[in-house]
There are 2 protein chains.
Amino acid sequence: MEKRIDTAVGKLQEFEAIFNPKSVAVIGASDDPAKLGYHVIKSLVAGGFPGKIFPINPGRKEVFGLRAFSSPDLVPEKIDLAIVVLPAKLVPEVLEACGRKGIKGAVLIAGGFKEIEDKSGEKMQEEITQLANRAGIKVIGPNTFGMFNLHRKLNASFTPDFSQMEPGSISLVSQSGGIAHLLGFLAQRERVGLGKVFGLGNRCNIDFAEMLECLVEDPETKVIAMYIEGLDNPRRLIDTAQKVRGRKPLLVYKAGRSQASDKASKSHTGSLAGNYEIYQGAFRQAGMLTVESSEELLDAAKILALCPLPRGNRVAVLSGQAGLAMVASDFCEREGLVLAPFSEDTQRQINELLPPLTIRTNPVDLGPAWYNAEAMRGIIQLVLSDENIDAMIFCIVYASINRHLTKMLIELFETESKKKPILTCISAPEGIWDDDIRSLQNVGVVNFSTPERAAQALGNLIRYSKISGE
Amino acid sequence: MEKRIDTAVGKLQEFEAIFNPKSVAVIGASDDPAKLGYHVIKSLVAGGFPGKIFPINPGRKEVFGLRAFSSPDLVPEKIDLAIVVLPAKLVPEVLEACGRKGIKGAVLIAGGFKEIEDKSGEKMQEEITQLANRAGIKVIGPNTFGMFNLHRKLNASFTPDFSQMEPGSISLVSQSGGIAHLLGFLAQRERVGLGKVFGLGNRCNIDFAEMLECLVEDPETKVIAMYIEGLDNPRRLIDTAQKVRGRKPLLVYKAGRSQASDKASKSHTGSLAGNYEIYQGAFRQAGMLTVESSEELLDAAKILALCPLPRGNRVAVLSGQAGLAMVASDFCEREGLVLAPFSEDTQRQINELLPPLTIRTNPVDLGPAWYNAEAMRGIIQLVLSDENIDAMIFCIVYASINRHLTKMLIELFETESKKKPILTCISAPEGIWDDDIRSLQNVGVVNFSTPERAAQALGNLIRYSKISGE
């Protein structure tokens, strides 16, 4: 299928001040660790932001060791991005000042707008939206934790710890700051590389549809993941997804299927969640991959970021321990994958390498090859080059006698992982094989903590390969 | 409901040699790290087994620094348990020697019996079963990784690393050694305390039903978890489960729902998996809790081991970040739980503690109390003492400004967690709050890595409270 080149190419340019600012003002920067303004300036400085940082605080000459200004107007240099950490009522005035200064991007951390019970919040949000639009300022928020772009060491949030993460090619757009943190910390623990992460909050003039238009053009983003509660204009997101269908994987985790959470959505980020089933259907029709939990979102994003797309749904399951092979096979079938028979030639050669003590057809129980790294290597190579097989799930459990196996796997998979998706479930005590698992992910093999999660992620990879091939 | 006291009280006595041996012989012990016999003796010795250990190896005077004997007959003292790490063909002779020596328990690690393609394997298994029965030897295996009992520092397996785990009150009976390892390592990483773990393998004369009869009497076991592939006599397990129904939680994860894994089951541990749906229905009718993944098995075991049983299914969701509350609420409703309204009195007092910027009914968004540990403590106490609420899920995400909160939670929950189940989803970067999460589990609060998993585990706790209350 020919990939469409849209008019949206210029979209990245519009987001330049947010994705890649050369200079950032922190309006409400503080030296007091009890204030959010302290954590925001710390995020930028300690995160190693390479551009200029201007603390704005009318009561201070210096904040966090940097010269402070009482207003953005007084900064003698150009400012690209403003991070605003002030109470809601001060935001309109600040946005006007930003407009005068020619600032093109803003992150509005303050809450107290459309999400509150009092009608005044909604009115104030309308006011700042108009102000921002008139001044040509793109706004992340209000009511957001902020955003970060690990490719530019830009941590425009109140959580300095995000700067410790390794950058990757997954971009996350989350309506909720809490979920952005949850997914960010899980990603860190499971060594999943995020690149750009946005907390959209109340979506004043940047919504999901526009983020999608933009990220689909972003060369640093390979996978787009979204956490959505409620949408003001669902049609716009669905139309955009349809337009960019198949260009990049777009994963969506939609909350608000229950009555209780639908109600919560309104007072969280200002929009009702709406009918869950209708959303899911429309999302799928537009080529979005819907997932059902935060773990599934991360697992699917990880495999889509690291693995080549398979040609079909024929999977081989190889396992050092038969129990894991059974569980993986159960979940593969549940995901609509096929445990296809090997070609005659492959099967004949496997039968030469494995004694008849075990199941040698798909799923293969490698048990008897436990001591024999060479037999294991031979079987893996045969299976990966079999025309009947599109992807492989390889499970192995540490026992102190098989310590040496992972070295062989890393060497072997380094050359093979570009051709077909290779998923592993390598299970070991804390501190054993952890480095090896990281090395595997560095050579394009994705590891999952259970066979069930591996099979589910492969299901999502194959669902996407169908969307992109249409 | 009155708890039945069965005739099975004597069952524990029958298992004394396996659960609590005073002396263990390792038949096939070796000093060569390339042999399983090395890893088995290492597991016992390095695991700190407090009883006597006798290596049996006809070619050696000493193994692993211990005096070795050429046959169990020659050991001058009583032996309770024999761990046999020899090829299948030597096992009958060894079992005869064990019988002569008066050994009452054996762990047969060797494979090559009923699970192999060749009919000779099945014949040999019949032979050893008859031998063992005649000699009154209870046999774990053959074709097993072994077993361990952390309460007695008895690691009778080939994986020394299991000795590093903290003992707990969950006993696991697994048909597959691979799955026992997978669950064991996951439990270690997630600080879930296992007590006794058995790899049943081919089940020569100890099957799931008998393990159940025994563990239900075991005072160190609070929760029984099973991983089952195929059963030779399903009726027996179901009848036993029915008989002990409601005395202890019995969790079952059944593999083999797919064609591929049904086939694999036969050659793994010698039994076809059978019709998955029929099994699930029969298991549920007998009061067993069926789960659908290895993660769910561990999560459910953890909550059942740590939490009191709730009186009903009315859950309160409190969250520092609304997104997590929404996701938790979605999954609560999916599990059949009810996000019940608070009593008028509770609601009135919450409204005094939280400003009207947020949702204050159930689920509660504690967002505005972020800086205010006292308001948060007050709301938690109100909710936990509300007559309308049976259990609580509390979610909080680390941000550098709320570092101090967990200390308050530990103090507060220490007194409250005996009354109603308290589940947390505390999300933080690696190394932050990890110790606090452990401290929470020590005071009876269970933590889950995502709100979805917390809600699912609570669903299982409530399903069990219905079974036990019938």
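The values are calculated or read from the model by the stated rules, or taken from the named source; none is laboratory data. From a predicted model like this one, the values you see are computed outputs, not experimental measurements. Please note: Cβ atoms are built from the backbone with ideal geometry, for glycine as well, and neighbour counts cover all protein chains shown. Quick note on the areas: whole protein, heavy atoms, side chains included, nothing else; ligands and nucleic acids left out. Shrake-Rupley method; radii C 1.70, N 1.55, O 1.52, S 1.80 Å.
For the range A:323-342, a residue qualifies if it is at the interface with chain B (Cβ under 7 Å from one of its Cβ atoms) and either open to solvent by 10 Å² or more (accessible area, probe 1.4 Å) or not in a helix (DSSP H, G or I) (or both), and the qualifying residues are A:GLU333, A:LEU339.
With respect to (1) open to solvent by 10 Å² or more (accessible area, probe 1.4 Å); (2) over 18 Å from the mean Cα position of the chain (by Cα); (3) farther than 26 Å from A:ILE359 by Cβ, the lone exception for B:ASP232 is condition (3). In the range B:435-470, what residues are over 23 Å from A:GLU296 (Cα atoms) and charged (D, E, K, R)? If the condition is that a residue be over 23 Å from A:GLU296 (Cα atoms) and charged (D, E, K, R), then B:ASP435, B:ASP436, B:ARG438, B:ARG463, B:LYS466, B:GLU470 are the ones that fit. Considering the range A:264-295, the residues that are in a helix (DSSP H, G or I) and facing another protein chain (nearest Cβ under 7 Å) include one that is modelled with the lowest pLDDT, namely A:HIS268. Being open to solvent by less than 10 Å² (accessible area, probe 1.4 Å), farther than 19 Å from B:ASN460 by Cα and under 27 Å from the mean Cα position of the chain (by Cα) holds for only one residue in B:SER319, B:SER294, B:SER258, and it is B:SER258.
Would it be correct to say that B:GLN175 is touching a helix residue (DSSP H, G or I) at 6+ places or on another chain (Cβ under 9 Å), under 27 Å from B:SER293 (Cβ atoms), at the interface with chain A (Cβ under 9 Å from one of its Cβ atoms) and open to solvent by 10 Å² or more (accessible area, probe 1.4 Å)? When the stated conditions are applied, B:GLN175 does not pass them. Taken together, the criteria exclude A:GLY111 from residues that are buried (at least 20 other Cβ atoms within 10 Å of the Cβ), under 29 Å from A:ALA264 (Cα atoms) and touching a strand residue (DSSP E or B) at 6+ places or on another chain (Cβ under 7 Å). The set of residues in the range A:182-207 being in a helix (DSSP H, G or I) and touching a Pro at 6+ places or on another chain (Cβ under 9 Å) consists of A:LEU182, A:GLY184, A:PHE185, A:GLN188, A:ARG189. The condition of being over 25 Å from the mean Cα position of the chain (by Cα) and more than 14 Å from chain A (Cβ to nearest Cβ) holds for only one of B:LYS123, B:LYS138, that being B:LYS123. Contact map, the range B:353-371: first residue in contact (Cβ under 8 Å) with a residue 40 or more places away in the chain, second residue of a type in the set (S, T, N, Q), Cβ cut-off under 6 Å, separation 6 or more or different chains; pairs are B:PRO363/B:SER329; B:ASP365/B:THR358; B:GLY367/B:THR358; B:TRP370/B:ASN402. Quick check on B:ASP118: is it crowded, with 21+ Cβ neighbours inside 10 Å, within 12 Å of chain A (Cβ to nearest Cβ) and free of Cβ contacts under 8 Å to residues at least 40 places away in the same chain? Against the criterion (crowded, with 21+ Cβ neighbours inside 10 Å, within 12 Å of chain A (Cβ to nearest Cβ) and free of Cβ contacts under 8 Å to residues at least 40 places away in the same chain), B:ASP118 does not qualify. Test B:LYS248 against the stated conditions and say whether it is buried (at least 24 other Cβ atoms within 10 Å of the Cβ), away from every other protein chain (no Cβ under 14 Å) and of a type in the set (Lys, Arg). Judged against the criteria, B:LYS248 is not a match.
Identify the residue in the range A:343-358 that is open to solvent by 20 Å² or more (accessible area, probe 1.4 Å) and within 13 Å of chain B (Cβ to nearest Cβ) and, among all such residues, is farthest from A:LEU382 (Cα to Cα). Ranking the qualifying residues of the range A:343-358, first place goes to A:LEU357. Take the conditions in a strand (DSSP E or B) and in contact (Cβ under 8 Å) with a residue 60 or more places away in the chain and apply them to A:ALA316. Does it pass? So A:ALA316 passes the test.
When A:LEU324, A:LEU306 are screened for being touching a helix residue (DSSP H, G or I) at 6+ places or on another chain (Cβ under 9 Å) and over 17 Å from B:SER293 (Cα atoms), only A:LEU306 passes. Taking the conditions exactly as written (aromatic (Phe, Trp, Tyr), at negative phi and within 12 Å of chain A (Cβ to nearest Cβ)), does B:TYR371 satisfy them or not? Yes: the conditions hold for B:TYR371. Taken across the range A:45-53, residues that are more than 14 Å from chain B (Cβ to nearest Cβ), surrounded by 15 or more Cβ atoms within 10 Å (Cβ to Cβ), out of contact with any Pro (no Cβ under 7 Å at 6 or more places or on another chain) and within 25 Å of A:ASN202 (Cα to Cα) do not occur at all.
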